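Asks: Provided herewith is a single structure, encoded as C-alpha cells, for subsequent inquiry.
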Amino acid sequence: MVFLPHRHQVQYYETDQMGVVHHSNYIRWFEEARVFFMDQMGFGYDEMEKAGVFSPVIEAHCTYRSSVRFHDQVLVFARIEQCSGVRLTVSYRVIDADDHTLRAEGETRHCFLNRQGRPVSLKKENPAVFRLFEALVGQDNESFIAGQPG
C-alpha cells in the first residue's frame, strides 16, 4: 500500500519575525499528516473515536534540518514504526515540495485509551484495526525512505 504525503502550504501566521516557520508548527504538521495517513488507511481518527478508542500524543520529537519560509510548500510523509496494541509510534519526514530538500524529521508516540481515559489494548478492543496497524509497521515506503514524493 502506497500512501500519499500530506501537502502543506506555509501560511504567514506560521512564521516568526525572521520569516522562518516557528518550530511549534512542525508538530502540527505531523498531526495533519497523521490524520491524512490514517484516513488513507481506512481508519481515521473520526472512526477510531466512534469506536470508543482515543490515541493522545504522549511524546513528540522533531529534528530541524533546514528552514521553511512563508509560502513554501512542503510534503509531510508519515510512517508507522511500531504498534504494540497499547502504544503506537509514527515517524515523519518534511520535504520541500519543489526541490525535495529534507526540512525536518521526527516522531510521535501515542497510547490508546477508552472513553473513560483508561489505557486499552487495541489488539483486544478492535483486533481488525490492530492488524491493519501491525501490517503497516516498518513498511518500506521507498518515497518515505528516499525523502522523495511518491
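The values are calculated or read from the model by the stated rules, or taken from the named source; none is laboratory data. In this text, all values refer to a predicted model and were calculated from it rather than measured experimentally. Ideal geometry is used to build each Cβ from the backbone, glycine not excepted, and the neighbour counts take in all protein chains shown. For accessibility, only protein heavy atoms count, side chains too; no ligands or nucleic acids. Shrake-Rupley method; radii C 1.70, N 1.55, O 1.52, S 1.80 Å.
Asks: With respect to M48, is the statement that it is part of a helix (DSSP H, G or I), in contact with a Ser or Thr (Cβ under 8 Å, 6 or more places away or on another chain) and modelled with pLDDT under 95 true?
Replies: yes
Asks: Against the definition (part of a helix (DSSP H, G or I), under 15 Å from the mean Cα position of the chain (by Cα), in contact (Cβ under 8 Å) with a residue 60 or more places away in the chain and under 18 Å from T63 (Cβ atoms)), how does R34 come out, yes or no?
Replies: Considered against the rule, which asks whether it is part of a helix (DSSP H, G or I), under 15 Å from the mean Cα position of the chain (by Cα), in contact (Cβ under 8 Å) with a residue 60 or more places away in the chain and under 18 Å from T63 (Cβ atoms), R34 comes out as yes.
Residue by residue, here is whether (1) free of Cβ contacts under 8 Å to residues at least 60 places away in the same chain; (2) of a type in the set (A, V, I, L, M); (3) crowded, with 22+ Cβ neighbours inside 10 Å; (4) farther than 30 Å from V129 by Cα holds:
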{"position": "L4", "(1), (2), (3), (4)": "no, yes, no, no"}
{"position": "Q11", "(1), (2), (3), (4)": "yes, no, no, yes"}
{"position": "D16", "(1), (2), (3), (4)": "yes, no, no, yes"}
{"position": "G19", "(1), (2), (3), (4)": "yes, no, no, yes"}
{"position": "H22", "(1), (2), (3), (4)": "yes, no, no, yes"}
{"position": "F30", "(1), (2), (3), (4)": "no, no, yes, no"}
{"position": "Q40", "(1), (2), (3), (4)": "yes, no, no, no"}
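Asks: Still on this model: So for segment 66-88 (the condition being open to solvent by 30 Å² or more (accessible area, probe 1.4 Å), of a type in the set (S, T, N, Q), under 26 Å from K123 (Cα atoms) and in a strand (DSSP E or B)), does at least one residue qualify?
Replies: The answer is yes, given that some residue of segment 66-88 is open to solvent by 30 Å² or more (accessible area, probe 1.4 Å), of a type in the set (S, T, N, Q), under 26 Å from K123 (Cα atoms) and in a strand (DSSP E or B).
Asks: Could you tell me which of the residues C111, C83, C62 is closer than 20 Å to G19 by Cα and touching a residue at least 24 places away in the same chain (Cβ under 8 Å)?
Replies: Only one candidate qualifies: C62.
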